[in-house]
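All of the numbers you see were taken from the coordinates with simple rules; none came from a lab. Because the structure is a prediction, the values reported are computed rather than measured. Glycine also receives a Cβ, built like all others from the backbone with ideal geometry; neighbour counts cover every protein chain displayed.
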Amino acid sequence: MKWLFKPKKHFILDVGSHTIKLAEFSLDKKKTPFLENFDFLPVPEGCMEQGDLINPGPLQDVLPEFISRNVKETIPNLYVSVGGRSVIVKKIEIYRSEKELIDDLVREEMIQVLPFNIDEINYDYMPMTTSLSTSENKTNFLVIISKSDNINKINRLIDDVGYKCAAIDMGSFALSECVKFMDSDFAKKGKNILILDIGKSGTAFIVLNQGNLIFSRYMLAGSNFYTANIMKEMGVEYQEAESLKVSWCSGSEVPAEMDQIIKESDRYFCDEIFVGKEYFKNQFPNEELSQAYLTGGGSKVRGLISSIEEKFNIPTSVLDPFEKLKASEFLEDSLSHIKHFAPLLIGSCIRGFSE
């Protein structure tokens, strides 16, 4: 999308499994994004499943008021970020060919590996632009696949509540953009950086090389993993278990056995996520991960950083964009909470302003 006049503000909507986040950004005098406003809305039960929109009805009831109380523009440039199990990023390798043959070769290769019918998807592809991109007589392409039904539901939802999508962005690309924003020399380092975006029902396992996305896989283990374990070990219902988890993460007083439950949950969760590394090594057998960033609501679990460092044997930290990004003064007291959700929104914003 090309703008005749660059918009002064962008509104980014992140539709997650647990909450919907809305951020308003502007550009400062140095052309750096500035966070003007941030708000979130709990997602009604039954709307989302593993990152996919399955029932938009309840959201149609609550989204108009949520957006209108934050968006004062008459016709805002609303960007929507999506992820989940229906979005797939895959490396494929094809023999070097004439340009006019590449479309057909990519399509033929996709048919061999797709878990969906090719008529049910939207897809795009690009040549990989890192040192991993070519072999002697082949070229590696990164294919981005999304189920058409999920994209159509998002578009219809935004349209039905009275707004328009300026663009629909993919969460993995947005997060990679945020990491590059935080480290301007990132593309020169040649390291493989792991990003774990930990949501309620799943985790996006993302790898960047030389500043470029090379791998993304949705793992079916999220922060609900901890809630389920608390329910099992303490014999409580879902809402009480969720409340105990949130209290433990915030350092509030909880029953003594919670420490051991969370510690065991960390170990099992890391075992589940480690499978993502095996998928990565299958595609890139000679590559190793250098460091990891955590983001998403699940990154608030205390102790998870050290558990991942031990399991993956790499330095790990929470991705905190506010080391570089500035925000409105009235948000300052909330930044320690917002930082867990902001990277994806910031990345989509940067991609939007760069169009």
Inset, instruction - Please find the FRET efficiency linking residue 148 to residue 332, where r is the Cβ-Cβ separation and R0 is fixed at 30 Å, and quote it to the nearest 0.05. - result: 0.10
Legend entry - the chain, relative contact order in percent, only Cα pairs under 8 angstrom and at least six apart counted: 20 percent
Legend entry - Cβ-based charge dipole, the chain, positive-most Cα from 250, 53, 214: 214
Inset, instruction - Tell me what the chain gives for mean residue ellipticity at 222 nm when only DSSP H runs of n ≥ 4 count, each as -39,500 (n - 2.57), the sum divided by the residue total, rounded to 500 deg cm²/dmol. - result: -11500 deg cm²/dmol
Inset, instruction - Would you mind ranking 19, 316, 32 by Cβ crowding within 10 Å, fewest neighbours first? - result: 32, 19, 316
Inset, instruction - Write down the percent of antiparallel bridges among all DSSP beta bridges whose residues are both part of the chain, to the nearest 5. - result: 70 percent
Inset, instruction - For segment 165-178, take each phi angle, set θ = phi - 60°, evaluate the Karplus expression 6.51 cos²θ - 1.76 cosθ + 1.60, and give the result in whole Hz per residue in order, putting x for glycine and proline. - result: 7, 5, 6, 10, 9, 9, x, 4, 5, 4, 5, 5, 5, 5
Legend entry - Nearest-20 debye value, the chain charge dipole, Cβ charges on Lys, Arg, Asp, Glu: 1140 debye
Legend entry - Cα-based reach from residue 339 at 18 Å (exclusive), listing aspartates and glutamates while leaving out same-chain residues under 8 positions away: 14, 24, 36, 39, 177, 183, 197, 320, 323, 329
Inset, instruction - Springs between alpha-carbon atoms under 10 Å, Gaussian network over the chain: tell me which of 33, 321, 115 tops the mean-square fluctuations. - result: 115
Inset, instruction - Return 320, 169 ranked ascending by Cβ neighbour count within 10 Å, so the fewest neighbours appear first. - result: 320, 169
Inset, instruction - Once you've got the Cα coordinates, tell me which of 30/311; 138/180; 9/245 are over 30 Å apart. - result: 30/311; 9/245
Inset, instruction - With springs connecting C-alpha atoms under 10 Å apart, model the chain as a Gaussian network and identify which of 105, 142, 289 has the largest mean-square fluctuation. - result: 105
Inset, instruction - Pick out which of 123, 79, 226 has the largest mean-square fluctuation in a Gaussian network model of the chain, springs linking Cα atoms closer than 10 Å. - result: 123
Legend entry - Order of 179, 318 - criterion: other Cβ atoms within 10 Å of each residue's Cβ, fewest first: 318, 179
Inset, instruction - Would you mind getting me the FRET efficiency between residue 259 and residue 156? Use the beta-carbon distance for r and R0 = 51 Å, nearest 0.05. - result: 0.65
Legend entry - Cross-link pairs beyond the 22 Å C-alpha cut-off, checked among 21/91; 200/277; 21/326: 21/91
